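Report on the following structure.
The values are calculated or read from the model by the stated rules, or taken from the named source; none is laboratory data. Every value quoted in this text rests on a predicted model; they were computed, and no experiment measured them. FYI the Cβ positions are ideal-geometry reconstructions off the backbone, even for glycines, and counts take in every protein chain you see. These area figures cover heavy atoms from the full protein model, side chains too; ligands, DNA and RNA do not enter into them. Shrake-Rupley method; radii C 1.70, N 1.55, O 1.52, S 1.80 Å.
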Amino acid sequence: MIRDLKGIYIIWLRDIKRFFRDKPRLITGITRPSLYLFILGSGLSSAFGMFGGRGGDWYMDFVYPGILGMIVLFTSLFSAFSIVWDREFGFLKEILVAPISRTSIVVGKALSGSTISLFQGIILLIFAPLLHIKLNFPMIIKICLLILLTSFALTSLGILIASRMKSMQGFNMIMNFLVMPMFFLSGAMFPLKELPKWLEYLVNLNPLSYSIDALRYVMLEDRTFLAHPFFINILVISIFAVVMITLAIFVFNLTD
Amino acid sequence: MNTIISVKKLTKRFKNLTAVNEVSFNVNEGEIFGFLGPNGAGKTTTIDMLCTLLSPTSGEAVLNGYDVTKNRNKVRQCIGLVFQDPSLDDWLTAKENLEFHAMVYNIERKIAKKRIDEVLEIVELKDRKNDLVLNFSGGMKRRLEIARGLIHYPKVLFLDEPTLGLDPQTRNRVWEYIRDLKEKENITIFLTTHYMDEAENCDRIAIIDVGKIIAMDTPINLKKRVRGDIITVETSDNRSLNEELKKKKVKNIIFYNNKIQFEVYDSEKFIPKFIKESKEEIISISARKPTLDDVFLSLTGKKIREETVSGLDRMRKRFKMGRMRR
Ligand SMILES: Nc1ncnc2c1ncn2[C@@H]1O[C@H](COP(=O)(O)OP(=O)(O)O)[C@@H](O)[C@H]1O
Ligand SMILES: [Mg+2]
């Protein structure tokens, strides 16, 4: 047990060190959230400001948790890329042949993915005042916990895919097939009210919808656009997280 | 002597290619056991199965009493590895790579610190220990990997082409350390190589070709299989010489590089007679004692070639450079 905890810590530590050293990745990590925020957020807000009855600020408030969710989605899924990368460049062998359990490798990776997502999320939160988004301390704590839970689940999903992928191209292809639909069907950009039935169906199948809904619950005073009760959201994300990490551990244990 | 690795009819098939074909052997505790064979012979595949990275298609292997398929975690606990292909984290420093290793192998912090310094000294990387591995040359990376494999004293240390691409000096130093380690810690060493001179350091050698062990013995006994001396001649007409030699009492006639090589019992008497009787003009002639090279040659009819950087490795390098430029 102690060995496993130590294993988790070592795997986590290495990923974090790498993230902060790989300057291009770090810079993308910082600029991407800000870019999405300003381009998508501001652009769409002014569009909505022109057409909609309510002001543009309303849409900014609405879309901000969506962008937060999007960043978490991207970062988490792609941080599992490190497994494919390590396989390609040989370091995975060093890890696999070491006397640490496969389980602690998966958990360590899932936690490092969550940490990096949280870091990205915090960068977004720093911009919040500029966009007239009001945050207080309890809200920030809740947001961070939500990000951690969501990204833990999503990174696990990424690991699940990465454990079966032998090539970088294969991983990227699957990811692109997953990321875009998950993003568009999450309600990140539009309210989940009065959707066509089939679309509602798909949206409800998407775990990210629940995270974004929960983030909105925490951040918005106006509750008109919420789709589910808060506890349902938390329940769904938690179940998703447990299922994903279990599957990831199971599948990763099968790799030889 | 105790048997520490026991392998029975171990086989690995990749689709329709049999990389390792019913290989059986035992390794004794405290021994340096070598797998000698050309590229693609199945050396790495065998190691991968023994160290639990690949499941065998059939057959069994027991290491330190643990079955490598049923008791993987136990096996991992008692082995150490230096892989053939690069396996360092480029974004960590040399020291951090070693620390990572020491941590996953559960070495006490104090001991780890001492050993890290020790092994860095051996491979002469002490002054570069805080540099990112990214900036290391190929040879430096290799040295660091060897250093890493030596940090934890495993029961069995696997070295897959450990000194590939190292200069002779470093190679000697690494060998000194390996022998020292074996003496002091009673570590069993399983290594693969296609350097013949390196194989001579082993207590026993298995010669492997196309997935099969074709000979297994001590280096001295193996060399005894090539009786007498090796003569190499180059003449104006090798073909007619060949016909002539066939009539004489010589063994293992082999053509390579426009030369003919064969074995005779007594070169001192053979050469003067040969020169006198030869109808062809002799361009060059030489005689020498047999080496493991000759053993391999006489067993398989081919030479073990020096390895160049593999295609995959080159591709990786290109890929890495591309990434850095972006
Ligand atoms: N993962 C794999 N898939 C298919 N073929 C493989 C794989 N690994 C090795 N081989 C093949 O198995 C044979 C033995 O390879 P290997 O064990 O690496 O040889 P060596 O280490 O002696 O050079 C080679 O022909 C190689 O191409
Ligand atoms: Mg090999």
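A few points about this structure:
- Of all residues in the stretch B:13-60, exactly one satisfies the criterion of being within 13 Å of ligand 2 (Cβ to nearest atom) and among the basic types (Lys, Arg), namely B:Lys43.
- Some residue of the stretch A:203-211 being open to solvent by less than 20 Å² (accessible area, probe 1.4 Å) and under 16 Å from A:Thr103 (Cβ atoms): no
- Selected residue [open to solvent by less than 10 Å² (accessible area, probe 1.4 Å) and under 30 Å from B:His152 (Cβ atoms)] from A:Ala128, A:Ala98: A:Ala98
- When the helices (runs of 4 or more DSSP H) confined to the stretch B:1-115 are screened for residues that are touching a residue at least 12 places away in the same chain (Cβ under 8 Å) and more than 12 Å from chain A (Cβ to nearest Cβ), those reaching at least 3 such residues are found at B:43-50.
- When B:Val62 is tested against (1) more than 21 Å from B:Val174 (Cα to Cα); (2) within 16 Å of ligand 1 (Cβ to nearest atom); (3) crowded, with 18+ Cβ neighbours inside 10 Å, exactly one condition is not met: (2).
- Inter-residue pairs, beta-carbon under 6 Å, first within 16 Å of ligand 2 (Cβ to nearest atom) and in the stretch B:208-226, second among the aromatic types (Phe, Trp, Tyr) and part of a strand (DSSP E or B), 6+ apart: B:Ile208/B:Phe35
- A search for C-beta distances below 7 Å between a residue of the stretch A:116-140 that is at negative phi and any residue that is part of a loop (DSSP other than H, G, I, E, B), counting only pairs 6+ apart in sequence or on different chains, returns A:Leu125/A:Leu135; A:Ala128/A:Leu135.
- Restricting the stretch B:167-207 to residues that are more than 16 Å from ligand 2 (Cβ to nearest atom) and of a type in the set (Ser, Thr, Tyr), the residue that is nearest to B:Phe33 (Cα to Cα) is B:Thr188.
- Residue that is farthest from the other protein chains (Cβ to nearest Cβ), among those in the stretch B:189-218 that are within 14 Å of ligand 1 (Cβ to nearest atom) and part of a loop (DSSP other than H, G, I, E, B): B:Val210
- Exclusive hit being touching a Phe, Trp or Tyr at 6+ places or on another chain (Cβ under 6 Å) and away from ligand 1 (no atom under 16 Å from the Cβ), set B:Lys74, B:Lys9: B:Lys74
Each row is one residue, and each column tells you yes or no for (1) farther than 26 Å from B:Val264 by Cα; (2) buried (at least 19 other Cβ atoms within 10 Å of the Cβ).
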position	(1), (2)
B:Thr192	yes, yes
B:Asn201	yes, no
B:Val210	yes, no
B:Ile230	no, yes
